[in-house]
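Heads up: the structure comes next, in structure tokens.
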Amino acid sequence: MTENVSKVLKHLGDFRWEGIPDAAYKPTTDTYRGVVRRELVGMRGESPRFHLRYFEVAPGGYTTFERHQHEHVVLVARGRGQALAGGVGHELGPDDVIYVAPSDPHQFRCAPKASEPFGFYCIVNAERDRPVAMEGYGVCEVCE
């Protein structure tokens, strides 16, 4: 499915969709651990002004501590996790929503001692700048 036509992505269970492969979160693993990305809308011929992705952070895993000019919205789908956004830490669970404002340093982590992945949908601008990794890791009182 690489045309700009209406389409349905059939859910296969366990947060997998027919025809949607797992993709690397970033080109290298220097700044993150245990993250998988699934591009749902925006990378196979569609022309929306947004992309919809699903990310899964394995137990013990975390995303890159980064900032960028584009904003994005995250909707938690499964598991428990933590977010650091704008210098504030947040505990997150299913159906929680977090808006990450432009230029706010942020990071997502699977909750400590979690037995299942922390999965979330991410809606982001189709045209966006490249993230800049921040030094080290986010410091978050609720995240430790």
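The values are calculated or read from the model by the stated rules, or taken from the named source; none is laboratory data. Everything numeric in this text was worked out from a predicted model, so none of it was measured. All Cβ positions, even for glycine, are placed from backbone atoms using ideal geometry, and neighbour counts span all protein chains on display.
Some points to look at:
- Scanning region 52-62 for residues that are within 15 Å of the chain's Cα centre (by Cα) and within 21 Å of ALA133 (Cα to Cα) returns ARG53, TYR54, PHE55, GLU56, VAL57, ALA58, GLY61, TYR62.
- Of all residues in region 104-118, those satisfying the criterion of being assigned to a loop (DSSP other than H, G, I, E, B) and not charged (D, E, K, R) are PRO105, ALA111, PRO112, ALA114, SER115, PRO117.
- Taking region 2-18 as the range and being closer than 27 Å to GLY93 by Cα and either hydrophobic (A, V, I, L, M, F, W, C) or within 12 Å of the chain's Cα centre (by Cα) (or both) as the test, the residues that pass are VAL8, LEU9, LEU12, PHE15, TRP17.
- Leading residue by the ranking (surrounded by the fewest Cβ atoms within 10 Å (Cβ to Cβ)) among those in region 85-131 that are of a type outside the set (D, E, K, R) and in contact with a His (Cβ under 6 Å, 6 or more places away or on another chain): ALA126
- Filter result for LYS10 (charged (D, E, K, R) and in contact with a Gly (Cβ under 9 Å, 6 or more places away or on another chain)): yes
- Search result, residues across region 119-132 that are in contact with a strand residue (DSSP E or B) (Cβ under 8 Å, 6 or more places away or on another chain) and in a loop (DSSP other than H, G, I, E, B): ALA126, PRO131
- Of residues in region 63-97 being touching a Leu at 6+ places or on another chain (Cβ under 7 Å) and of a type in the set (A, V, I, L, M), the one farthest from ASP14 (Cα to Cα): ALA83
- Looking only at region 19-45, residues that are acidic (Asp, Glu), in a loop (DSSP other than H, G, I, E, B) and either within 16 Å of the chain's Cα centre (by Cα) or at pLDDT 95 or above (or both) come to 1 in all.
- Qualifying positions in region 1-56 - among the polar types (S, T, N, Q) and buried (at least 16 other Cβ atoms within 10 Å of the Cβ): THR31
- Residue satisfying all of: in region 57-81; touching an Asp or Glu at 6+ places or on another chain (Cβ under 6 Å) and under 18 Å from VAL36 (Cβ atoms); surrounded by the fewest Cβ atoms within 10 Å (Cβ to Cβ) among these: VAL76
- Count - residues of region 46-56 that are assigned to a loop (DSSP other than H, G, I, E, B) and either closer than 23 Å to ARG78 by Cβ or of a type in the set (Lys, Arg) (or both): 1
Here's the yes/no breakdown for (1) within 17 Å of ARG67 (Cβ to Cβ); (2) free of Cβ contacts under 8 Å to residues at least 60 places away in the same chain:
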residue: GLN82; (1), (2): no, no
residue: PRO102; (1), (2): yes, yes
residue: ALA111; (1), (2): no, yes
residue: SER115; (1), (2): no, yes
